[in-house]
């Protein structure tokens, strides 16, 4: 079957050939979850602006909000070409894939014009304020308060695991506006500014030594009332819609979601080719070959499942099943892949980034440690399995 977007794909390939990412003398973090330094942030922000200016971010969004107005499927084709070229990722992922789509779907005309174009070009960076120290998997128990005071809301509370919080201009914020309502009914959703008095950002040092996460502490922070998205008390509905975008269960990303490619398995094969076990290349070891073949088969299955998701007739009976299953399958696959990347190194797998004897600068070890963030973000694997069982398959609730 011919690709309806082949001409667009060719445009992306030609642009990348003529405009490769700028040279740098520092390492980029493996994902936007681990951006720690101003140097890394500035480079990635500049790269997103270049890709946007070329017309490859927000391809399907309406032109009046800064998008390209192209037909559905265009952005996926673009993202796949960017992923295939192994260029830097688009840093404003919270804006492109979660905040932007939710504003496009539920926002007022003024909100769409205020926020969307700037997040596409990374002129304004977004972060997510859902989880709290006492409200992770049970998100509806959150206690951050938003009290209306004239034309403002006054915010008090504590958010945690906030990716890009140190660099963000805005936060998609869940806060309780009605403490007397049921825990789901009393929550509202805000497009909260971050650069206001009363907002304190405290970096969290990850197991990898990176500072990608942050705590955000609100103390009498005043935000305009027109940052309320939807109506008061609609926050839980909007939160679920946001999580569906985050988990890939709803379409609408403006870029950066290239899908699951072949790069991780290819890198593992390359690693095995360069290792020696019992006096011969590790790739010749029957046990290693068996594991690698299993990874290659599973990677192909994940890619084909992604294609199947785009064919309504193949998933119309349970349309949410494959997107939710893919969230679990991909994150856990990458974790097991990185684990084996450390295991196959033998003793060298115990070394870490910064050790001169570490293979590939310790990237496999760092990837394994970072992989746990992805099996937690957007709902832990356990929570998503419960959602699949209860909401997709109709099984009884777990006790």
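Considering only residues of the range 197-224 that are outside any strand (DSSP E or B) and surrounded by 14 or more Cβ atoms within 10 Å (Cβ to Cβ), which is modelled with the highest pLDDT? For the range 197-224, the residue satisfying everything is 198. Look at the range 20-46 and say how many of its residues are within 16 Å of residue 122 (Cβ to Cβ) and in a helix (DSSP H, G or I). Residues that pass the stated criteria total 10. Checking each residue in the range 164-178 for being in a loop (DSSP other than H, G, I, E, B), touching a strand residue (DSSP E or B) at 6+ places or on another chain (Cβ under 6 Å) and closer than 26 Å to residue 37 by Cβ picks out 164, 165, 166, 168. A count restricted to the range 150-163 and to residues that are in contact with a helix residue (DSSP H, G or I) (Cβ under 9 Å, 6 or more places away or on another chain) and either surrounded by 24 or more Cβ atoms within 10 Å (Cβ to Cβ) or part of a strand (DSSP E or B) (or both) stands at 2.
Results for (1) surrounded by fewer than 24 Cβ atoms within 10 Å (Cβ to Cβ); (2) over 30 Å from residue 27 (Cα atoms), shown as yes or no for each residue.
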site: 63; (1), (2): yes, yes
site: 69; (1), (2): yes, yes
site: 72; (1), (2): yes, yes
site: 78; (1), (2): no, no
site: 87; (1), (2): yes, no
site: 92; (1), (2): no, no
site: 97; (1), (2): yes, no
site: 108; (1), (2): yes, yes
site: 114; (1), (2): yes, yes
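Out of 207, 275, 271, I need the residue that is touching a helix residue (DSSP H, G or I) at 6+ places or on another chain (Cβ under 7 Å) and assigned by TED's automatic domain parsing to the domain that holds residue 166. Which one? The conditions single out 207. Checking the range 297-310 against the condition returns no match, with no residue being touching a residue at least 12 places away in the same chain (Cβ under 8 Å), outside any helix (DSSP H, G or I) and surrounded by 15 or more Cβ atoms within 10 Å (Cβ to Cβ).
Residues are listed down the side, and each one gets a yes or a no for (1) assigned by TED's automatic domain parsing to the domain that holds residue 384; (2) within 18 Å of the chain's Cα centre (by Cα); (3) under 20 Å from residue 217 (Cα atoms):
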{"residue": "92", "(1), (2), (3)": "no, yes, no"}
{"residue": "99", "(1), (2), (3)": "no, yes, no"}
{"residue": "109", "(1), (2), (3)": "no, no, no"}
{"residue": "118", "(1), (2), (3)": "no, no, no"}
{"residue": "146", "(1), (2), (3)": "no, no, yes"}
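The set of residues in the range 119-147 that are farther than 16 Å from residue 174 by Cβ and surrounded by fewer than 18 Cβ atoms within 10 Å (Cβ to Cβ) contains only 123. Specify which of the listed residues (184, 169) is surrounded by fewer than 20 Cβ atoms within 10 Å (Cβ to Cβ) and under 25 Å from residue 92 (Cα atoms). Being surrounded by fewer than 20 Cβ atoms within 10 Å (Cβ to Cβ) and under 25 Å from residue 92 (Cα atoms) holds for just one of 184, 169, which is 169.
The values are calculated or read from the model by the stated rules, or taken from the named source; none is laboratory data. The structure displayed is predicted, hence computed values, not measured ones. No Cβ is skipped: glycine too gets one built from the backbone with ideal geometry, and neighbour counts run over all protein chains shown.
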